[in-house]
Amino acid sequence: MVPSVDPPAPVLVEGELEYIVEKILDSRVSRWKLQYLVKWKGYAQEDNSWVFASDVHAPDLVRAFHMAHPGRPGSSACQFVSFCLLEALGRRGCTSVPLVRPSCKVFFAKDPIKIVCAKGQYMFDEKGERYLDCINNVAHVGHSHPEVTKAAVKQMELLNTNSRFLHDNLVQYAERLTATLPEKLSVCYFVNSGSEANDLALRLARQFSGHHDVITLDHAYHGHVTSLIDISPYKFQQLGKEAKKEYVHVAPSPDTYRGKYREDHPDPGTAYADEVKDVIKKAHQNNRQISAFIAESMQSCGGQIIPPPGYFQKVSEYVHKAGGVFIADEVQVGFGRVGKHFWSFQLQGEDFVPDIVTMGKPIGNGHPMSCVVTTKEIAEAFGATGLEYFNTFGGNPVSCAIGLAVLDIIEKEDLRGNATRVGNYLVELLQEQKEKHQMIGDIRGVGLFVGVDLVKDRQLRTPATAEAQHIIYNNSSSIGPKRYCPSHGMAQSLVLDWMSPDQHFNHRALRAALDRPAALAAILTESTEASDRKAAAF
């Protein structure tokens with residue numbers, strides 16, 4: 001029987017906070033009580049049933065405090081105390097205190113992984129254990145690629161400065177980048193992150209169109225800054241219905257597996273595009289004017305959604321008639337990930353060209369850089385305002401040198417061909433697993449952009465939400481001599497996005513990760529049992 005613990009006063013008086021923190025840190029916590037509160041057995045000692053709180057892994061101590069002192073609903077006292085606990089532990093020199101705060105969710109919380117180095121498609125922890133990286137959508141040409149490192153160091157030794165000076169790297173990179181795009185996309189704005197790129201794209205669209213409203217897709221995510229949270233249902237819907245701004249209009253995601261128009265529809269592309277047409281009509285009825293339609297060329301956080309043929313063409317037609325522009329977000333899915341094309345929007349066909357394309361994540365193989373590419377007409381309208389656009393680090397010589405190296409590697413090492421070959425092999429392996437596991441409802445993707453949709457019932461397509469969450473956040477499972485890290489890109493916890501890996505993924509690595517039926521079965525079974533236990537608890 002665990003003794004009851006009186007909760008703290010809802011309001012902390014002056015001096016009480018320091019007293020609580022010091023009392024917790026200086027106290028000894030009984031081992032069995034700590035295990036009950038935290039379900040953590042790593043602190044058991046053979047010769048001593050007590051441990052000092054200051055020796056406890058900081059997240060576990062905070063979790064124990066939350067469980068013992070939940071506070072009143074809406075009270076921030078406990079959260080504040082938890083934060084101060086971390087600070088106090090740090091002042092005492094505890095090496096186990098993480099610099100990552102609770103607002104940043106850690107993968108595999110039950111057994112967190114500390115990565116210290118990486119090479120190619122593998123990452124290594126402080127104990128030297130090797131992990132097959134199935135998460136990364138940034139190390140596009142492989143972790144620690146020597147050519148990227150060489151280009152960065154060589155240019156860093158010569159010069160790095162802002163873009164108010166002339167430099168060959170800037171011009172050469174812009175030329176190389178625009179050469180991969182349709183001819184009319186010819187003006188580059190270099191920035192530092194995908195969020196910056198999408199924020200700037202909105203500014204360009206609004207200046208060119210003279211309008212303000214934006215159409216976005218359900219479950220979409222376009223970045224973390226305020227302007228992008230506002231157009232990202234994946235984020236703002238968590239805050240309730242009131243969170244959607246009046247100038248934001250949400251169209252259905254063109255999902256042919258779970259959406260309104262499915263794979264048996266004769267023309268789902270046109271049907272979903274007509275939904276956008278209806279959104280525009282309703283906006284006009286309310287005296288709203290559309291500046292832009294924005295969409296990832298393939299939704300990632302939205303659930304690995306591949307737009308049906310003809311969808312973008314029709315949407316672009318309707319948006320242009322409304323006076324708006326089409327923004328293709330390639331931040332996560334560009335640079336040859338789909339294999340057959342350099343850009344994912346090109347899957348729709350040569351007769352579709354967006355007005356603005358945004359890039360990020362893989363563009364610098366982990367180096368913080370990004371870009372917006374648009375037409376001369378839109379760029380001229382933006383410049384006509386007289387308001388100068390300047391970005392301190394955007395287009396600096398080092399970033400451009402790295403960007404050039406990434407483009408060289410994609411071409412020299414045939415990474416687009418690799419994405420096609422290995423992606424096809426991945427789908428074959430997943431199809432084999434689908435025949436063995438009823439929880440796998442759908443497998444979809446192109447190249448090395450592949451999603452696995454987990455369901456409770458294949459006929460009803462009932463989302464296996466809890467099971468997916470369990471796999472994503474609680475498993476970094478051993479597979480033979482290796483381990484693999486499943487990814488987190490998913491909509492409503494429906495889709496297990498295994499592969500946003502670097503382009504060096506190969507058949508051998510995939511076979512190690514997926515061709516172990518017993519291991520995969522154990523993971524899926526464990527996730528089901530965990531979900532059932534959680535349901536029974538309520």
Notebook entry, point to check: With (1) surrounded by fewer than 20 Cβ atoms within 10 Å (Cβ to Cβ); (2) in contact with an Asp or Glu (Cβ under 9 Å, 6 or more places away or on another chain); (3) on the phi > 0 side of the Ramachandran plot as the list, and K314 as the residue in question, which single condition is left unmet?
Noted result: (3)
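Each row is one residue, and each column tells you yes or no for (1) part of a helix (DSSP H, G or I); (2) at pLDDT 90 or above; (3) open to solvent by 50 Å² or more (accessible area, probe 1.4 Å); (4) within 30 Å of Q346 (Cα to Cα).
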site	(1), (2), (3), (4)
E411	yes, yes, yes, yes
N418	yes, yes, no, yes
L430	yes, no, no, yes
K434	yes, yes, no, yes
I443	no, yes, no, yes
V455	no, yes, no, no
Q459	no, yes, yes, no
E467	yes, no, no, no
M490	no, no, no, yes
Margin query: Go through (1) modelled with pLDDT under 95; (2) closer than 30 Å to L170 by Cα for A405 and report which single condition fails.
Written below: (1)
Item checked: Per-region count, region 101-139, residues closer than 21 Å to G194 by Cβ, open to solvent by less than 70 Å² (accessible area, probe 1.4 Å), modelled with pLDDT under 85 and in a loop (DSSP other than H, G, I, E, B) -> 5
Next item on the list: Determine whether region 378-388 contains at least one residue that is open to solvent by 10 Å² or more (accessible area, probe 1.4 Å), at pLDDT 95 or above and touching a Gly at 6+ places or on another chain (Cβ under 8 Å).
Entry: no
Note to self: One residue is enough: does region 197-207 have a residue meeting the conditions open to solvent by 20 Å² or more (accessible area, probe 1.4 Å) and in a loop (DSSP other than H, G, I, E, B)?
What the structure shows: no
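For every residue, the table says whether it meets (1) among the acidic types (D, E); (2) within 24 Å of S195 (Cα to Cα).
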position	(1), (2)
Y257	no, no
T270	no, no
D278	yes, no
S291	no, yes
G302	no, yes
F312	no, yes
G323	no, no
Next item on the list: Could you tell me which numbered condition D267 fails, if it satisfies all but one of (1) open to solvent by less than 20 Å² (accessible area, probe 1.4 Å); (2) over 29 Å from the mean Cα position of the chain (by Cα)?
Entry: (1)
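Scan region 292-305 and tell me whether some residue there is farther than 19 Å from P254 by Cβ and buried (at least 24 other Cβ atoms within 10 Å of the Cβ). Quick ask: steps written out before the conclusion?
Applying the first criterion (farther than 19 Å from P254 by Cβ) to region 292-305 yields none.
Checking region 292-305: not a single residue is farther than 19 Å from P254 by Cβ and buried (at least 24 other Cβ atoms within 10 Å of the Cβ).
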Check: Residue check, F393 against (1) touching a Ser or Thr at 6+ places or on another chain (Cβ under 8 Å); (2) touching a residue at least 40 places away in the same chain (Cβ under 8 Å); (3) surrounded by 21 or more Cβ atoms within 10 Å (Cβ to Cβ); (4) of a type in the set (A, V, I, L, M, F, W, C), all met but one. Which one?
Finding: (3)
Notebook entry, point to check: Just one of V171, V148 is farther than 30 Å from F312 by Cα, part of a helix (DSSP H, G or I) and open to solvent by 30 Å² or more (accessible area, probe 1.4 Å); which is it?
Noted result: V171
Notebook entry, point to check: Restricting attention to region 225-253, which residues are outside any helix (DSSP H, G or I), farther than 25 Å from D274 by Cβ and open to solvent by 40 Å² or more (accessible area, probe 1.4 Å)?
Noted result: V225
Item checked: Failed item, numbered, when K154 is tested on (1) open to solvent by less than 20 Å² (accessible area, probe 1.4 Å); (2) more than 24 Å from V225 (Cβ to Cβ); (3) part of a helix (DSSP H, G or I) -> (1)
Check: Looking at region 174-195, which of the residues that are surrounded by fewer than 20 Cβ atoms within 10 Å (Cβ to Cβ) and of a type in the set (S, T, N, Q) is nearest to the chain's Cα centre (by Cα)?
Finding: S193
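The values are calculated or read from the model by the stated rules, or taken from the named source; none is laboratory data. Just so you know, these numbers come straight off a predicted model, no measurement behind them. Using ideal geometry, Cβ is built from the backbone for each residue, glycine included, and neighbour counts are taken over all protein chains shown. Heavy atoms of the whole protein, side chains included, go into the accessibility calculation; ligands, DNA and RNA do not. Shrake-Rupley method; radii C 1.70, N 1.55, O 1.52, S 1.80 Å.
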